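See structure below.
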Amino acid sequence: MSTPQSDGELLRAIAAAGDRRAFEELYRRYAPWLTARLRSRCADAGVVDDVVQETFLAVWRGSARYREDGDAGDAAGWLWRIGSRRLVDALRGDGARGRLRQALARLRHRDEASAEERVLAGVEHGDLAGALVRLSPELRAVLQATVVDGLTTREAAVLLGIPAGTVKTRAMRARKQLREALA
């Protein structure tokens, strides 16, 4: 039995030689995880499945390049960054109302809604909606990544393409502005 390859080794084999077995192993490791993560942002399973396929297609074709240095983060973070950007592209133009519809669709398909989903369901008519709209897109993106998606600071930094310190600063500023707006 051979030793399992690291994610970096798999990605190098895919990039250098188009190694199909390495690609299949990477897909087996991360496709279910990526699908679950993307479904927390999009209730449309068809869109999510398409985005997962597009993400791995970008890896296979080499249009997404993995750098194994401190800036790139781990393979999971790298794949999440590709997938989440593909999802944003797929949903672009749908706007806040579309995201709210997706949140409500998730609510209808579960017995008990999470705290985040209850907040999202009430966003359209409450004071929170106005407070969130007044936040800059950069601050809202950090809140989405860290609060709604539950990413760590490091994961959010990889996803958003900004330093971890910037994620912390923006999260602090966003919380302060929300507290002031809702006081």
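Structure above, values below:
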item: Region 73-90 residues that are without any contact (Cβ under 8 Å) to a residue 60 or more places away in the chain and more than 21 Å from G8 (Cβ to Cβ), paired with ones that are part of a loop (DSSP other than H, G, I, E, B) and not aliphatic (A, V, I, L, M) (beta carbon under 7 Å, 6 or more apart); result: L87/R41; L87/C42
item: Of all residues making up region 23-40, the number that are crowded, with 21+ Cβ neighbours inside 10 Å and charged (D, E, K, R); result: 1
item: Residue among L151, L132, L128, L120 that is assigned to a loop (DSSP other than H, G, I, E, B) and either among the basic types (K, R) or modelled with pLDDT under 80 (or both); result: L151
item: Of all residues making up region 1-56, the number that are outside any loop (DSSP other than H, G, I, E, B) and either under 23 Å from D89 (Cβ atoms) or of a type outside the set (D, E) (or both); result: 39
item: Boolean, V142 is under 20 Å from the mean Cα position of the chain (by Cα), crowded, with 16+ Cβ neighbours inside 10 Å, closer than 18 Å to S40 by Cβ and at pLDDT 85 or above; result: yes
item: Scan of region 142-183 for residues that are among the basic types (K, R) and more than 28 Å from L34 (Cβ to Cβ), ordered by number; result: R173, R175, K176, R179
item: Residues located in region 1-34, provided they are under 11 Å from L79 (Cβ atoms) and within 15 Å of the chain's Cα centre (by Cα); result: Y30, A31, W33, L34
item: Tabulated pairs, region 159-183, first over 14 Å from L143 (Cβ atoms), second loosely packed, with under 15 Cβ neighbours inside 10 Å and modelled with pLDDT under 90, C-beta under 7 angstrom, 6+ apart or interchain; result: A164/R154
item: Residues satisfying the stated conditions in region 151-183, i.e. under 13 Å from the mean Cα position of the chain (by Cα), surrounded by 13 or more Cβ atoms within 10 Å (Cβ to Cβ) and of a type in the set (G, A, S); result: A156, A157
item: Given (1) modelled with pLDDT of 55 or more; (2) surrounded by 13 or more Cβ atoms within 10 Å (Cβ to Cβ), index of the condition A113 fails; result: (1)
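The values are calculated or read from the model by the stated rules, or taken from the named source; none is laboratory data. What you see is a predicted model, and the numbers here were worked out from it, not measured in a lab. Counting neighbours? That spans all protein chains shown, and the Cβs are built from the backbone with ideal geometry, glycine included.
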